[in-house]
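Student: Supplied in structure tokens, the structure appears directly below.
The values are calculated or read from the model by the stated rules, or taken from the named source; none is laboratory data. Computed from a predicted structure; not experimentally measured. Cβ: placed from backbone, ideal geometry, glycine included. Neighbour counts: every protein chain shown.
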Amino acid sequence: MCGRYVLISPAEEISGKLGVEARHPVPPSYNIAPRQPVLIIRRAETGGKELAAVEWGLIPEWAKEIGAKPLINARVETVQVKPSFRSSLIRKRCLVPADGWYEWRTEGGRKQPYYVTPVGGGPMAFAGTWATWHGPAGDHWLETMAIITGPATGPMRSLHSRKPLVLRPEQYDAWLAPHDPLPRGFLESFDWMPETAFHWHPVTPRMGNIQYNEPGCLDAPEDDPQPTLF
């Protein structure tokens with residue numbers, strides 16, 4: 001799954017690698033958590049790509065109220081049929097820029113966080129969906145998103161049973177292209193980045209505090225000064 005992630009690449013690098021114009025500086029964030037404002041890349045009304053600020057934790061357009069537990073992830077196995085995500089997948093797909101994400105593994109009776117990042121460095125793009133919620137009376141305007149996840153079937157299984165789905169750069173436009181309805185086999189047509197394209201290392205448990213958003217989030221645990229890459 002993906003419950004925390006990182007975006008620290010400067011605006012010009014996001015623009016160059018993800019093919020979107022970043023008109024303003026992008027503040028680095030080392031500990032992005034659910035219900036925080038985040039950046040997504042979506043199809044603009046003009047037909048190109050645009051950067052937009054939304055909240056992490058999808059609220060379906062038909063929801064009567066904001067739920068207690070945000071929908072931060074959507075399973076690729078069920079995203080096409082679950083009412084919470086079905087219409088967003090058809091009409092409102094997005095790229096979620098990131099440099100890496102965190103996973104936790106139980107070691108010695110405690111949960112140890114690991115930072116997962118592309119072997120060649122970021123930024124990359126998670127597959128995502130977004131939605132606009134207007135509230136039961138139509139007097140709200142809140143845009144939200146969820147990250148699509150899939151089962152970990154290779155070396156990442158040592159960390160977690162699931163992983164965010166990372167798009168290959170050549171498939172960004174195909175993910176954002178409008179379809180209604182979706183073509184048969186749409187999700188199956190994507191060749192997600194393989195698990196061998198990433199490496200990971202243990203980081204300080206301090207990053208478990210969502211208030212801690214500093215470069216130190218990526219430091220090695222205090223009792224393990226030499227991170228191990230997998």
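Student: Does any residue of the range 182-198 turn out to be at pLDDT 95 or above and β-branched (V, I, T)?
Tutor: Yes, there is a match, as at least one residue in the range 182-198 is at pLDDT 95 or above and β-branched (V, I, T).
Student: Answer with yes or no whether E107 is exposed (fewer than 15 other Cβ atoms within 10 Å of the Cβ) and without any contact (Cβ under 8 Å) to a residue 24 or more places away in the chain.
Tutor: On the way: exposed (fewer than 15 other Cβ atoms within 10 Å of the Cβ): yes; without any contact (Cβ under 8 Å) to a residue 24 or more places away in the chain: yes.
So E107 passes the test.
Student: Test of understanding: among I14, I72, I8, which residue is within 23 Å of T132 (Cα to Cα), surrounded by 17 or more Cβ atoms within 10 Å (Cβ to Cβ) and touching a residue at least 40 places away in the same chain (Cβ under 8 Å)?
Tutor: Being within 23 Å of T132 (Cα to Cα), surrounded by 17 or more Cβ atoms within 10 Å (Cβ to Cβ) and touching a residue at least 40 places away in the same chain (Cβ under 8 Å) holds for just one of I14, I72, I8, which is I72.
Student: Taking the range 57-81 only, how many residues are of a type in the set (A, V, I, L, M) and part of a strand (DSSP E or B)?
Tutor: The first filter runs over the range 57-81 and keeps only residues of a type in the set (A, V, I, L, M), leaving 58-59, 63, 66, 68, 71-72, 74, 76, 79, 81.
Remaining after also requiring part of a strand (DSSP E or B): 58, 71, 74.
The total comes to 3.
Student: Among the numbered criteria (1) surrounded by 12 or more Cβ atoms within 10 Å (Cβ to Cβ); (2) in contact (Cβ under 8 Å) with a residue 60 or more places away in the chain; (3) under 20 Å from I90 (Cα atoms), which one does P181 miss?
Tutor: Among (1) surrounded by 12 or more Cβ atoms within 10 Å (Cβ to Cβ); (2) in contact (Cβ under 8 Å) with a residue 60 or more places away in the chain; (3) under 20 Å from I90 (Cα atoms), the lone unmet condition for P181 is (1).
Student: Among the residues of the range 17-55, write down those that are of a type in the set (A, V, I, L, M, F, W, C), surrounded by 21 or more Cβ atoms within 10 Å (Cβ to Cβ) and more than 18 Å from P169 (Cα to Cα).
Tutor: I32, V38, V54 - these are the residues of the range 17-55 that are of a type in the set (A, V, I, L, M, F, W, C), surrounded by 21 or more Cβ atoms within 10 Å (Cβ to Cβ) and more than 18 Å from P169 (Cα to Cα).
Listed here are the residues, each with its yes/no results for (1) in contact (Cβ under 8 Å) with a residue 60 or more places away in the chain; (2) on the phi > 0 side of the Ramachandran plot; (3) surrounded by fewer than 12 Cβ atoms within 10 Å (Cβ to Cβ).
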| site | (1), (2), (3) |
| --- | --- |
| R168 | no, no, no |
| F190 | yes, no, no |
| E195 | no, no, no |
| F198 | yes, no, no |
| P202 | yes, no, no |
| Q211 | no, no, yes |
| A220 | no, no, no |
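Student: If a residue must be modelled with pLDDT of 95 or more and either touching a Lys or Arg at 6+ places or on another chain (Cβ under 9 Å) or aliphatic (A, V, I, L, M) (or both), how many such residues does the range 112-131 contain? So that I can check it myself, show each step before the final result.
Tutor: Initial filter on the range 112-131 (modelled with pLDDT of 95 or more): 112-119, 123-131.
Okay, now just the ones that are also either touching a Lys or Arg at 6+ places or on another chain (Cβ under 9 Å) or aliphatic (A, V, I, L, M) (or both), so 112-114, 116, 119, 123-125, 127-131.
Count: 13.
Student: Let me ask something additional. Inspect all residues belonging to the range 17-39 and state whether any of them is among the small types (G, A, S), part of a helix (DSSP H, G or I) and on the phi < 0 side of the Ramachandran plot.
Tutor: First, pick out the residues of the range 17-39 that are among the small types (G, A, S): 19, 22, 29, 33.
After this cut, where a residue has to be part of a helix (DSSP H, G or I) as well, the list is none.
Scanning the range 17-39 turns up no residue that is among the small types (G, A, S), part of a helix (DSSP H, G or I) and on the phi < 0 side of the Ramachandran plot.
Student: Restricting attention to the range 132-158, and to residues there that are modelled with pLDDT under 95 and touching a His at 6+ places or on another chain (Cβ under 7 Å), which single residue is nearest to L71 (Cα to Cα)?
Tutor: W133
Student: Name the residues in the range 122-160 that are aliphatic (A, V, I, L, M) and closer than 25 Å to L7 by Cα, would you? Before the answer, list the steps.
Tutor: Looking only at the range 122-160, we keep the residues that are aliphatic (A, V, I, L, M), and these are 124-125, 127, 131, 137, 142, 145-148, 152, 156, 159.
Answer for the range 122-160, where residues must be aliphatic (A, V, I, L, M) and closer than 25 Å to L7 by Cα: M124, A125, A127, A131, L142, M145, A146, I147, I148, A152, M156, L159.
Student: Can you pull out the residues in the range 40-50 that are more than 13 Å from the chain's Cα centre (by Cα) and either touching a residue at least 40 places away in the same chain (Cβ under 8 Å) or in a loop (DSSP other than H, G, I, E, B) (or both)? Break it down into steps so the answer makes sense when it comes.
Tutor: Start the filter on the range 40-50 by keeping residues that are more than 13 Å from the chain's Cα centre (by Cα), which leaves 42-50.
If the condition is that a residue be more than 13 Å from the chain's Cα centre (by Cα) and either touching a residue at least 40 places away in the same chain (Cβ under 8 Å) or in a loop (DSSP other than H, G, I, E, B) (or both), then R42, R43, A44, E45, T46, G47, G48, K49 are the ones that fit.
Student: So, of the residues in the range 134-153 that are surrounded by fewer than 20 Cβ atoms within 10 Å (Cβ to Cβ) and touching a Ser or Thr at 6+ places or on another chain (Cβ under 8 Å), which turns out to be nearest to G100 (Cα to Cα)?
Tutor: We begin by selecting, within the range 134-153, every residue surrounded by fewer than 20 Cβ atoms within 10 Å (Cβ to Cβ); these are 134-143, 150-153.
Narrowing further to those that are touching a Ser or Thr at 6+ places or on another chain (Cβ under 8 Å): 141-143, 151-152.
On the way: W141: 29, L142: 26, E143: 23, P151: 18, A152: 16 Å.
Filtering the range 134-153 for residues that are surrounded by fewer than 20 Cβ atoms within 10 Å (Cβ to Cβ) and touching a Ser or Thr at 6+ places or on another chain (Cβ under 8 Å), the one nearest to G100 (Cα to Cα) comes out as A152.
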